[in-house]
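Here is the structure we will look at.
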Amino acid sequence: MASLLNNLNRDIEVAEMAVGITSQDIEQADSLNNLGTLLGKRFEQTGSMDDLNRAIDIADVAVKSTPHDHPDRAGRLNNLGNRLGTRFERTGLMDDLNRAIDVADMALKSTPEDHPDRAGRLSNLGLWFARRFLRTGSMDDLNRAIDVVDIAVETPHDHPDRAGMLGNLGVLLGTRFERTGSMDDLNRAIDVADVAVKSTPDEHPDRARILSNLGAWLGTRFERTGSMDDLNRAIDVADVAVKSTPHDHPDRAGYLNNLGNRLVTRFERTGSMDDLNRAVDIADMVVDITPYDHPDRAGYLNNLGAWLGTRFGQTSSMDDLNRAIDVADMAVKSTPHNHPDRFGRLSNLGNWLGKRFEQTKSIDDLNCAIDVVETAIVITPDYYPDQVVRLNYLGNLLSKRFEQMNSMNDLDCAIEIMEAEVRITPQDYYNLAGRLNDLGNRLGTRFDRTGSIHDLNRAIDVADMALKSTPEDHPDRARILSNLGLWFGRRFLRTGSMDDLNRAVEVIDMAVEITPHDHPDRARRLSNLGLRLGTRFLRTGSMDDLNHAIDVADMALKSTPEDHPDRARRLSNLGAWLGTRFERTGSIDDLNRAIDVADIAVQNIPQDHPDIASILNNLGNWLGARFLRTGSMDDLNRAVDFADMAVKSTPHNHPDRFGRLSNLGNWLGRRFERTGSMDDLNRAIDVADVARTCSMDDLNRAIDFADVAVKSTPDEHPDRAGRLNDLGNWLLKRARPTSSIDDLQRCISSFRAGWNCVNAPPSIRIKLARDVASFSSVLLELKGLSKQLLANVYDSLLNWEELSTLLRDAVELLPTVSPRSLQHTDKQHMLADFAGLASMAASITLNAGQEAALALRLLELGRGVIAGLLLEIRTDISDLEQQYPELAQKFIRSLWNQQQNDAMMRRGGFPKFLKRFVLRRDSIHFFYHLLQMN
């Protein structure tokens, strides 16, 4: 090297002397051209800008000293253009690049069509146009570069530079494809690169580069067309490029990296673990052969981490996940803070840390993941398309930390981030519905924690938007429907709105309908549908809902694997609905099935499960009920055993403990009656004694718990009335043995407050009103109160006028207890619980000193509900007309009489009213007589 430079220095000195002693212009130009060429060579050896600047100045003088028609002028222009282009590459000065293009253009114009150097000069001009395109983005320059190089490749096929020119043309065509998307350019780039490869000898130093370019364009065409032939060929070509590259070649790592990328792409299409494993091995080699200070090392580390993480997703290998995190961490640390890829690499690291948290539940990993993703978001430009993805991921990570740490700050931040994410997501974005769904779930979670009805309303609105953004055939539509139904159900529980309950049933039913039978969430959705149907039955008494709830709960159970953690709960739900139907219909088949299902639930439920005592208690009661129907001692014995287990599984401070003790005592007593066993009798006495001795403490605790429950329930909550009812009943239980005036006052206040809960189910409100009105009988049962004190208590707690108004309003609520949508048998069942309410209201109205007409009108109102129920079935008499036409006519006349009486009542006053009341009574009696005849 030193001797070569010494020789070059000596040649330059000689050339300088030659310039100094030549006088003729043409000889001077030759000498200058020679000196410029030598200075250019020394620049290439030393990098001395002084030599390059002198070479350009001398080449410029040489051109000016050469006549326009001189045969060497074109070559000297070409040399000057090359030197100017070289200085541009070192300094970035656009003046040099522009001059290089102008000079190269003059050189080309001075070169004859048949000159052997014409192709090379065309290639040089195309190169400088391409350089200017890269600097300015001018499509004119790119188009001219392609046109010029296209002409250059027309050189004879045996030209030594033809393969290189073809390679350059392929790159330019590929670049234009990237700008315009023209498949013609891409196809031609591949064809040209293919010819370039075939024109390049195996030992040629540029062969690997040309192969690599061909592989890149084949891979790009695969991405556009999905042609596996192109992808397979891209991999084969990239493999040959690697094998054609010496191990110490500086581009070997890049070629290996390209091969790894293509292998991963094929893995993503085919799932071939061989491709993924090979990609990981190649990425490992790339990192090993890349110097620590290489600018691409961080990118290679990032790829290795990504592929290790992908393999973890396939194999669940924690070794791969741990390595992915370590490698991604190194990639971040190797990336300068101002590097445009830094935020992407931070995001990848956060992703793998989040994955490890999911596996290990390490809060350190979760915290680190959140910190890393937050940093990525901060340094990501707002316009960057992946910013929304990172916001989504950060929101999910914060949600997970909330679930682990119960930090409301994390949940609030997650919601705030998801709201921002939704705001910046385009309306036509393919996953807008998924992001809305996530936001709705987080809002619903916050409602569960805070009780904020605003959050619940927003959760429903957002979930509804998610549904409207989801195509009918989208695979996530069932999940979004299920979530929307969940929130409607929650709002019903909060507000008591039947519209919400109906929508919950409707929406979850739709979710079930479109959920494939083998889907892992089908059982959960069926179970939720059963719960909502059962809830609606409890509100309306509709047997259709109860029957449907049982069918759905049965399907949920059949879809639940034997070892599923929710199986016992689903068994319990099915048993509960079957038991409820038995209580309604008396069907022994339902009772038998309820027992069988509860039996399996007991066998499957963990001993520390919070519901085990309730399930054991239900099973004991159902076995006892079957004993009462069949007289089976086996059932009675098992009822005792399960009641005993229920008591033992109930904490001593649980408000249901003495109720379960009572059940145990009841079944022991029954067994004593059948067997005469003194052991059973003694044990029943012991259980009763325990119930008595612990009952006051338990009762005090029950009252305290009920009081807390009431205070924790918002005024507008539909369950508030039920909880006030529970509190009043506990207070009444305590007042009976103690005659506590304070408990009595609190009891009646609880019942009154419950009545005033307008969002509560009508049946509960009517019951509370009747309990208030019946309080006089309670007072008479109390011991230890003198008659005077009893009268004072009664006067202080009750007021006839108030009670009259209360019961009148309760009677007016009766129609809402049996809505028109119910089957007639269901209406009758729902109203049966309130028999005598109207007569009680009339009686209290008279006691309040009000007119008898008002009392009669209350009786009429109660009767009107029953009559209305019967009138609604008048359109269902077609079968009666066909089978018993005479009876049908009498039936119709009876209905007509009732309608006429109703019209008369609306127009008349009290004297005629009493007469019409008698007529109506007779009409109704005749009506019932007709029903009995049928």
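Answer yes or no as to whether D202 is under 30 Å from L308 (Cα atoms), among the acidic types (D, E) and surrounded by fewer than 22 Cβ atoms within 10 Å (Cβ to Cβ). Here the answer is no, as D202 does not meet what is asked. Condition first: crowded, with 20+ Cβ neighbours inside 10 Å, more than 22 Å from D364 (Cβ to Cβ) and at pLDDT 90 or above. Now tell me which residues in region 378-416 satisfy that. If the condition is that a residue be crowded, with 20+ Cβ neighbours inside 10 Å, more than 22 Å from D364 (Cβ to Cβ) and at pLDDT 90 or above, then I415 is the only one that fits.
Let's see how each residue does on (1) assigned to a helix (DSSP H, G or I); (2) in the same structural domain as L493 (by TED's automatic domain parsing); (3) within 22 Å of L353 (Cα to Cα):
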| residue | (1), (2), (3) |
| --- | --- |
| Y393 | yes, no, yes |
| Q404 | yes, no, yes |
| D410 | yes, no, yes |
| C413 | yes, no, yes |
| E416 | yes, no, no |
| L436 | yes, yes, no |
| G440 | yes, yes, no |
| L443 | yes, yes, no |
| L456 | yes, yes, no |
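Of the helices (runs of 4 or more DSSP H) entirely within region 601-678, those holding at least 1 residues that are of a type outside the set (D, E) and at pLDDT 90 or above occupy 612-630, 633-648. Taking region 170-183 as the search range and keeping residues that are over 15 Å from D147 (Cβ atoms) and charged (D, E, K, R), which one is modelled with the highest pLDDT? Checking each candidate, the answer is R179. In region 163-170, the condition of being under 47 Å from the mean Cα position of the chain (by Cα), in a helix (DSSP H, G or I) and polar (S, T, N, Q) is met by no residue.
The residues in region 749-763 that are at pLDDT below 85 and either outside any helix (DSSP H, G or I) or under 21 Å from D707 (Cβ atoms) (or both) can be counted, and the count is 3.
Going by the conditions given, is A568 in a helix (DSSP H, G or I), crowded, with 22+ Cβ neighbours inside 10 Å and within 34 Å of the chain's Cα centre (by Cα)? Taking the combined requirement at face value, the residue does not satisfy it. Of all positions in region 545-559, at least one carries a residue that is surrounded by fewer than 19 Cβ atoms within 10 Å (Cβ to Cβ) and closer than 27 Å to P761 by Cα. For region 291-312, taking the residues that are surrounded by fewer than 19 Cβ atoms within 10 Å (Cβ to Cβ) and either in contact with a strand residue (DSSP E or B) (Cβ under 7 Å, 6 or more places away or on another chain) or among the hydroxyl-bearing types (S, T, Y) (or both), the one that is farthest from N348 (Cα to Cα) is identified as Y292. Scan region 518-544 for residues that are crowded, with 21+ Cβ neighbours inside 10 Å, within 18 Å of E583 (Cβ to Cβ) and among the aliphatic types (A, V, I, L, M) and the total you get is 1.
The values are calculated or read from the model by the stated rules, or taken from the named source; none is laboratory data. Predicted model, so just to flag it, every value in this text is computed and none were measured. A quick note on method: Cβ atoms are made from the backbone with ideal geometry, for glycine too, and the neighbour counts reach across all protein chains shown.
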